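The structure appears right after this line, and notes come after that.
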Amino acid sequence: MSLIDDADAAASGPLSESGGRWLRVAAAQLGGVARHEPRSSVVDRLIAMMRQAASADVELIVFPELALTTFFPRWYVEGEPDLDLDWFYESEMPGPDTQPLFDEAKALGIGFCLGYAELTPPDEDGRRHRYNTQILVERDGTIVGKYRKVHLPGHREHEPWREFQHLERRYFEPGDDFPTWRAFGGVVGMAICNDRRWPETYRALALGGAELILIGYNTPIHYAPDPSQNALQSFHSHLVMQAGAYQNGAFVVGVAKGGTEEGVESLADSCIIAPSGRIIALTAHTGDEVAFADIDLELCRNYKETLFQFDRYRRPEAYGVLTERRGPVSPPPLPET
Ligand code: ING
């Protein structure tokens, strides 16, 4: 069977030049949010960074995962008498506490991406669902997209052996798709924290045309199952996002809730990464900090239309195992000789 197909038969040659599709995008890193910090206080911090970014003509500002509250999955809430789990979720977006953020963004003409804990209205069975969610809001204040975290790390039951819990699998249901949207002059996708460690995330988004992938994260430095990874947290975080950017010809914006939050040291190092895989903006500190860059979405074509021209070079007919299997299946032992 000839491997030359009609995509390959298409005329090739040097990339055609075209005008830039420039966008000034900012990573708005948050320092720690305290256990009982009111949303109004956090929203004030978000607005302060939004105003700083807008004064620099930023058009899109990206906030972290679960930006409105402390990272509550670090606690087994049932064991904490003064913690009401529902307090950490938003049952409407915007709601009374977040409306000022939407109003300010619209007044400034700046779009934003915001991570929060979502509690849905009752479904037809009267059940409410809980997701680790991110929304994309355009410069006119409209919510153009919502993403629900697909890869939930950690555990579901209380594991007292850990210095702190990571109960995302108890407090959230997983999302099950990777949507993309036409916005900000290009095609935008979103992912959340642990999603960034899985190559499937970036490939699924890039198969939806994503040129810009926005990722909020809360990453504790200490990884209880293997503390040898603690010293590698920054390297691993950049490694996976840089690889995801390069292998899919997309810009990636990774934004931390960093610093020490309720005694837990969390990775900062928020960044903006070009389709080349190079980091083009990086925060210097671990607190509230805005880092921005001018990105030309046309640059994605340098990779999407050459090395990673999916419809020419990908071989989905050889990738069946990627969706047929969840875990590894090793080959049988070699026959005795
Ligand atoms: N946090 C972490 C993340 O994937 C984690 C979980 C921590 C994994 C440390 C590995 C090491 O960045 C979230 N919220 O997914």
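The values are calculated or read from the model by the stated rules, or taken from the named source; none is laboratory data. As the structure is a computational prediction, the values presented were derived from the model and not from experiment. Positions of Cβ are backbone-derived with ideal geometry, glycine not excepted, and every protein chain shown enters the neighbour counts. The protein model used for the area step is the full one, side chains on, heavy atoms only, and it has no ligands, DNA or RNA in it. Shrake-Rupley method; radii C 1.70, N 1.55, O 1.52, S 1.80 Å.
Output the Kirkwood hydrodynamic radius of the chain, Cα pairs only, in Å rounded to one decimal. Before the final figure, lay out the partial values.
Working: mean 1/r = 0.0475 Å⁻¹.
Evaluated over the chain, this radius sits at 21.1 Å.
Note on exposure: 325, 139 ranked by accessible area (1.4 Å probe, complete protein assembly) read 325, 139, with the most exposed listed first. With the cut-off at under 11 Å, measuring from each backbone N in the stretch 250-286 to a point 7 Å along the Cα-to-Cβ line of residue 302 picks out 274-278. Taking only the C-alpha atoms of the stretch 28-179, Rg followed by Dmax gives 16.1, 49 Å. The calculated 222 nm mean residue ellipticity attributable to helices in the chain amounts to -5500 deg cm²/dmol, summing -39500 (n - 2.57) over DSSP H runs of n ≥ 4 and dividing by all residues. Normalised by the number of residues in the stretch 30-123, the average gap of Cα pairs under 8 Å and 6 or more apart makes the relative contact order 41 percent.
Any idea of the accessible area per residue across the stretch 27-324, 1.4 Å probe, to the nearest Å²?
Numbers: 12400 Å² over 298 residues.
On a per-residue basis, the stretch 27-324 sits at 42 Å².
In the chain, Cα pairs under 8 Å separated by at least six residues give a relative contact order of 20 percent. Couplings 3J(HN,Hα) of the stretch 142-153, computed from phi: 7, 6, 8, x, 9, 10, 10, 3, 7, 9, 9, x Hz, in residue order, whole Hz [Karplus 6.51 cos²θ - 1.76 cosθ + 1.60, θ = phi - 60°; x for Gly and Pro]. The modelled label-to-label distance between residue 41 and residue 156, using points 7 Å beyond Cα along the C-beta direction, is 3.5 nm. Specify the inter-centroid distance of the stretch 30-86 and the stretch 259-321, based on alpha-carbon positions, in whole Å. If you average the Cα positions of each part, the centres end up 23 Å apart. The simple Förster model, with R0 at 25 Å and r as the Cβ-Cβ distance, assigns residue 103 and residue 144 a FRET efficiency of 0.90.
Which GluC sites (Glu not before Pro) does the stretch 276-317 hold that lie in a coil by DSSP with at most 16 other beta carbons within 10 Å? Could you put the intermediate results ahead of the total?
Numbers: sites: 289, 298, 305, 317; in loops: 305.
The qualifying sites are 305.
Within the straight-line cut-off of under 12 Å between alpha carbons, the aspartates and glutamates reachable from residue 257 are 65, 265, 269, 288, 289, sequence neighbours fewer than 8 places apart in one chain being disregarded.
Each of 321, 188 has its accessible area taken with a 1.4 Å probe; listed largest first, they run 321, 188.
In whole percent, what relative contact order does the stretch 197-337 give with Cα contacts below 8 Å and a gap of six or more residues? Kindly include the intermediate steps, with their values, before the conclusion.
Numbers: 202 pairs, mean separation 27.9, N = 141.
Relative contact order for the stretch 197-337 comes out at 20 percent.
Taking the 1.4 Å solvent-accessible surface of the chain as the whole, the part contributed by carbon and sulfur is 53%. What would the Debye formula give as log10 I(q)/I(0) at q = 0.27 Å⁻¹ for the alpha-carbon point model of the stretch 242-318, no solvent? Once normalised to I(0) and log-transformed, intensities are -1.16. Temperature 25 °C, viscosity 0.890 mPa s: under these conditions the Stokes-Einstein estimate for the stretch 111-231, based on its Kirkwood radius over C-alpha pairs, is 155 µm² per second.
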